[in-house]
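Let me give you the structure first, and then I'll get to my questions.
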Amino acid sequence: MKGIITFFFILMQSLSVACDTTQQNEFVCPDSCTYNNVRCICIQQEETIIKDQGIQKSIFDWQAIIAIVAIISLIVSLWPYMRRVAIKGKVLSYCYSPNGSVQLENTYHSGILYYFKLALHCSNQNFYIKDIKIDMKYKSVGIQHAIVFYAHDFHLVFDDGKRRKLAIDSFDNYLPFETVLKKDVARGYHITFIVPKMDAFEEYEEMIITFIPFSGKERTIVLKAKDRKKDLMLFDDSIWKIE
């Protein structure tokens, strides 16, 4: 960025020099200028001044064109870095336990346990993740903060009555462990969390994901439950092992 500012400073200086082409060229013939040959010398010198002004104007035109082309080229090269990061996503699959509990750092939390598989896409630039935050919005209680955790011991009982354990590797696109969303690369991510103090199950209205960067502005996406296409929800039996 310092180099860019220096470039613009030099560019503006060259433009100001190019624009300062107006000179006070005065020529005064002597009072004794009575002979034709002397008068001719006066006219010749005036014509030389006019030619010099024309050359200066031509130089200014070329300098202005070069400066404009340089500015346009610089803007084009920097444009990808000037655009804001945009993150979009959708729900591919999700499961929940209405009466779940989890122990985190010797503290028990009870509430609604969730597992989500999300498809995320980042455009314009890479986004480097320092942390993420999950909030769930419900009709009855509004927005509730969720506690994200690594599901190394996550069990659910499905509609078929079978108890299954979630078996995903800690580095297998597990969203809390990701450090970068790569530009123009769509990937699927796993995430597990609990919404504590939810005594009774209620369908969520919105899932709000906040991506916290190492530097710069946070990015937030909102995934609405009404946008889920239930007929297209994916059940990946490769990660749910029957016990």
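Grab the eigenvalues of the alpha-carbon gyration tensor for region 87-204, scale each by 5, take roots, and send me the semi-axes largest first in whole angstrom. Please report the intermediate quantities before stating the final value.
Numbers: eigenvalues 127, 55, 42 Å².
One finds semi-axes of 25, 17, 14 Å for region 87-204.
Starting from the Cα-Cα distance between Lys130 and Ala67, subtract it from 0.36 nm times their residue separation and give me the gain in nm to one decimal. Working shown, then result.
Numbers: separation 63, 0.36 × 63 = 22.68 nm, distance 4.06 nm.
Here the answer is 18.6 nm.
Next question, about the same structure. What percent does the relative contact order of region 172-238 come to when contacts are Cα pairs within less than 8 Å and at least six residues apart? Spell out each step's value before the answer.
Working: 38 pairs, mean separation 14.2, N = 67.
Computed value for region 172-238: 21 percent relative contact order.
Percent relative contact order of region 86-242, based on C-alpha pairs within less than 8 angstrom and at least six residues apart?
Details: 339 pairs, mean separation 51.4, N = 157.
About 33 percent, as a whole number.
Report the one residue of Tyr204, Phe149, Asn106 whose Cα lies farthest in the direction of the positive end of the charge dipole of region 86-242 (charges on C-beta: Lys and Arg +1, Asp and Glu -1; origin at the Cα centre).
Tyr204
Apply 1/(1 + (r/R0)^6) to the Cβ-Cβ distance of Tyr138 and Lys217, taking R0 = 35 Å, and write down the FRET efficiency to the nearest 0.05. All intermediate terms of the calculation are to be shown ahead of the outcome.
Values: r = 27 Å, r/R0 = 0.78.
Using R0 = 35 Å, I get an efficiency of 0.80.
Moving to a separate point now. Let me know the shape class of region 199-243, please: from the alpha-carbon gyration tensor, a ≥ b ≥ c as square roots of the eigenvalues, rounded when a/c is under 1.5, otherwise prolate if a/b is greater than b/c, or oblate. Spell out each step's value before the answer.
Numbers: a/c = 2.06, a/b = 1.55, b/c = 1.33.
Judged from the Cα gyration tensor, region 199-243 comes out prolate (a/c at least 1.5, a/b above b/c).
Once you put a point 7 Å from the Cα of Glu243 and another 7 Å from the Cα of Phe158, both along the Cβ direction, what distance in nm separates them?
1.5
On a full-extension model of 0.36 nm per residue, what is the gain between Ala200 and Tyr96, subtracting their alpha-carbon distance, rounded to one decimal in nm? Walk me through the numbers on the way to the answer.
On the way: separation 104, 0.36 × 104 = 37.44 nm, distance 1.25 nm.
Difference between extended and current length: 36.2 nm.
Taken together, the values in this text are just the output of simple stated rules run on the coordinates, not laboratory data. In this text the structure is predicted, and so the values were computed from the model without any measurement. Cβ sites come from the backbone with ideal geometry, for glycine too, and all protein chains shown count toward neighbours.
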